[in-house]
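Report on the following structure.
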Amino acid sequence: MSDIKDSGDGSLTLKGRWYISLYGPDGQLKEEREGPNVIATNGKEMLVQFLTSAISSATNTFRYIAIGTDSTAEAAANTALGTESSRHTGTVSYVSNQIYQVKATFATGSGTGNIREYGLFNSSSGGTMLSRDVEAGVDKGANDTLTCTLQITVS
């Protein structure tokens with residue numbers, strides 16, 4: 001059974017484990033083995049390429065970037081931004097070396113204020129948040145354009 005876990009520092013880790021059972025002709029268990037395995041680099045590359053290609057279907061909709069003004073530190077239990085100002089559909093791309101990228105531009109008049117938080121969601125409103133970041137404020141005026149790029153590396 002393989003699992004994907006958050007290592008606690010916001011990074012994603014893929015971890016695998018094999019379970020092997022050998023049965024004799026009488027159906028009796030003869031031997032069992034289990035052990036960890038290595039997640040191949042090519043497999044991680046393929047996973048990121050899948051996420052990127054799946055964007056054209058309903059399978060993967062993590063392409064919505066939201067910005068907000070709340071300064072509360074991010075936490076793994078977060079499900080939304082603290083104070084969302086605006087959300088836009090991003091452009092998804094595969095960079096290289098297991099990197100999934102989403103990029104969105106907030107045009108003039110959209111999401112103005114002291115922008116401090118950023119999130120990636122699977123819906124144009126509400127939905128599930130995959131990632132959240134809080135940084136020092138960026139003062140976005142009504143005539144400013146803000147471009148946000150999120151990269152997720154599968155390692």
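Extension gain, LEU29 to ASP70, is 9.0 nm, computed as 0.36 nm per intervening residue step minus the present C-alpha separation. Amide H to amide H, with H built 1.01 Å from N, SER131 comes under 5 Å of LEU120, counting only residues 5 or more places away or on other chains. Computed extension length for LEU130-ASP144: 2.4 nm, one decimal, from 0.36 nm per residue of separation with the Cα-Cα distance subtracted.
Coordinate-derived values only; no laboratory data. Here the structure is a predicted model, which means the values were calculated and not measured.
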